[in-house]
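To start, the structure under review is shown below, and the notes come after it.
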Amino acid sequence: MWEPQSEKFRSINLLPWGSAAALLSLFASVPLHAAPLQEAGQLKRVREELSYPMTLLEVPEDITLEVGGLAIVPGPSGSRVLAATRRGEVWGIDGFAGKQPESSPVFTKVAEGLHEPLGLLPESDGSIAAACRGQLVRLVDADKDFLYETVETISDWWKISGNYHEYNFGPTRGIDGSYWITTNKPFGDQPFGKVTWRGFALKVLPDGRVKPMCAGLRSPAGIETSPWGEAFYTDNQGEWCGMGKLSLLRPGSYHGHPHGIESTKLKEWTFKEPKALPEGELYPAIAQAGEHPKLQLPAVWFPYDKMGRSPAGFVWDQTGGKFGPFGGQIFVADQYESAVFRVDLERVRGHWQGACFRFRDGLAAGALRLAFTPGGAMIVGETDRGWGSKGPLTDGIQRIDFSGTVPFETLSMRLIDDGTGFRLRFTQAVNLDSVKDLSSYELSSYTYEASERYGSAELDQRDLTLKGAEPHDDGKGVDLLVSGLREGYVHELHLDGVKSAREGFGLLHPEAYYTLIRRAK
């Protein structure tokens, strides 16, 4: 169990016995499949810690740091962490985002009085945009003293009824300079009446005018703009959202939940009106039928419990290698799992799709927001906010650094250009005998249904046949030739038999989940 330590900053070590290096040496000659399950789990945590050690921020007892928004900005003495809380406060934290965390971080309340902010966006002029429940605001530091004395309303165009789940997330900047936010649909009874434009992605122009852009969102807890300028969002599984997902916010697209369809009858919706999905139909069948042309299938499904339950904030790794070998990929926080996942995308016949992998487990509280420091450390804003999470704490901030030790992982899983299977790349050289051996792999596929029921089981499941494994010339990859790839299905790959060339270790996380929406050919 995790236990608080006396140091102000400490690495979270869920293992009560020995150092990471000593334990790794102890297990070096023991195949993972031969170790008892508890020891295998302990070893996995040790290996995560060796490559990506975590440091917990010590928060003063009189501050409740339930983080809803997170940003890294210049401060009075270097990089500063900005953390917005559910209670409407914004804290500036100095001494945690530098090259190394300092022993005595300084907390300064830099703003207050916001209405449940669930996102922070630094602006080029030094101001901060924040999505609150009833408005999008700008925090302004007019006298440049690192305090935000003024709160300006950018837009309060939408209405709220008082329903508990009428959250707003964001903002992010669109490629045209506008803001994008996502609005949570209400859950349960609505005793104060219904309001419009819930379950949407909204585009807020600089003058405050709002244009609804995408419909059918459920609980869209994360929204970000990609390095190439397209907006993506994460959604939580539930009714009419068969599984947690990462999706492109394509203008005019419909994401499956019928709650907001009535709003698309209003004049502000300038796209074709979507229609509700058929109850109990599988998503691939719905897409192939062609009767829902605006339905946006996800870029990645996050299989339930295998990849967490509540995907939230996410960030692209643009650290230039400072955070390890995963440059250009997406890191996704999961609130329930108290973990961070990894996503590698590719564009196939116009659709973004790809694979997801576990990355770092065992965070102290539910992970909601992510940000990178200039030095390449990942800051994680955490809260359970009453939602519950696996972490032992209720809130806080942690820092994840790359130690320089590259973990043995599947770097990417992509379609082979001719559509005959999957091309895998690894972070280290692999044992050639192990990657040639077809018994090193297990591959299956399944999909989900659209339903008013909460979530979906893995349906139409099928084991797939591997026809061959062709190692790459550089020793760091393999092409898996597969019979029976299916469009619209998650392809779950287990690589338990793949070993590293030097130490003979198995992969740190030997599972990969590729969402195949379109085949290469």
### Task
Return only the number of the condition from (1) assigned to a strand (DSSP E or B); (2) out of contact with any Lys or Arg (no Cβ under 7 Å at 6 or more places or on another chain); (3) among the hydrophobic types (A, V, I, L, M, F, W, C) that Leu363 does not satisfy.
(1)
## Note on the structure
Checked against (1) part of a loop (DSSP other than H, G, I, E, B); (2) among the hydrophobic types (A, V, I, L, M, F, W, C); (3) surrounded by 21 or more Cβ atoms within 10 Å (Cβ to Cβ); (4) out of contact with any Asp or Glu (no Cβ under 7 Å at 6 or more places or on another chain), Phe326 satisfies every condition except (4)
### Task
Give, as residue ranges, the strands (runs of 3 or more DSSP E) completely inside the stretch 371-473 that count at least 2 residues that are of a type in the set (A, V, I, L, M, F, W, C).
378-383, 395-400, 410-415, 421-426, 465-471
## Note on the structure
Matching residues in the stretch 351-399 (modelled with pLDDT of 95 or more, surrounded by fewer than 23 Cβ atoms within 10 Å (Cβ to Cβ) and acidic (Asp, Glu)) number 1
### Query
Which residue out of Gly260, Gly252 is surrounded by 14 or more Cβ atoms within 10 Å (Cβ to Cβ) and either part of a loop (DSSP other than H, G, I, E, B) or modelled with pLDDT of 95 or more (or both)?
Gly252
### Task
Being crowded, with 22+ Cβ neighbours inside 10 Å and not in a strand (DSSP E or B) is the filter here, so list the residues in the stretch 479-504 that pass it.
Leu495, Val498
### Query
Of the residues Ala333, Ala339, Ala355, which single one is touching a residue at least 60 places away in the same chain (Cβ under 8 Å), in contact with a Lys or Arg (Cβ under 9 Å, 6 or more places away or on another chain), closer than 22 Å to Leu120 by Cα and among the small types (Gly, Ala, Ser)?
Ala333
### Task
Working only within the stretch 175-216, note down all residues that are closer than 16 Å to Lys267 by Cα and out of contact with any strand residue (DSSP E or B) (no Cβ under 7 Å at 6 or more places or on another chain).
Val195, Thr196, Arg209
### Task
Considering every residue within the stretch 257-271, establish whether at least one is free of Cβ contacts under 8 Å to residues at least 12 places away in the same chain and over 28 Å from Gly134 (Cβ atoms).
no
#### Entry: Positions within the stretch 286-314 being of a type in the set (Gly, Ala, Ser) and without any contact (Cβ under 8 Å) to a residue 60 or more places away in the chain, in sequence order
Ala289, Gly290
### Task
Can you tell me which residue within the stretch 287-315, out of those that are buried (at least 20 other Cβ atoms within 10 Å of the Cβ) and in contact with a Ser or Thr (Cβ under 7 Å, 6 or more places away or on another chain), is farthest from Thr383 (Cα to Cα)?
Gln296
### Summary
Ala83 passes all but one of the listed conditions (1) in a loop (DSSP other than H, G, I, E, B); (2) modelled with pLDDT of 95 or more; the exception is number (1)
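The values are calculated or read from the model by the stated rules, or taken from the named source; none is laboratory data. The structure displayed is predicted, hence computed values, not measured ones. As a convention, Cβ positions derive from the backbone with ideal geometry for all residues, glycine included, and neighbour counts pool all protein chains shown.
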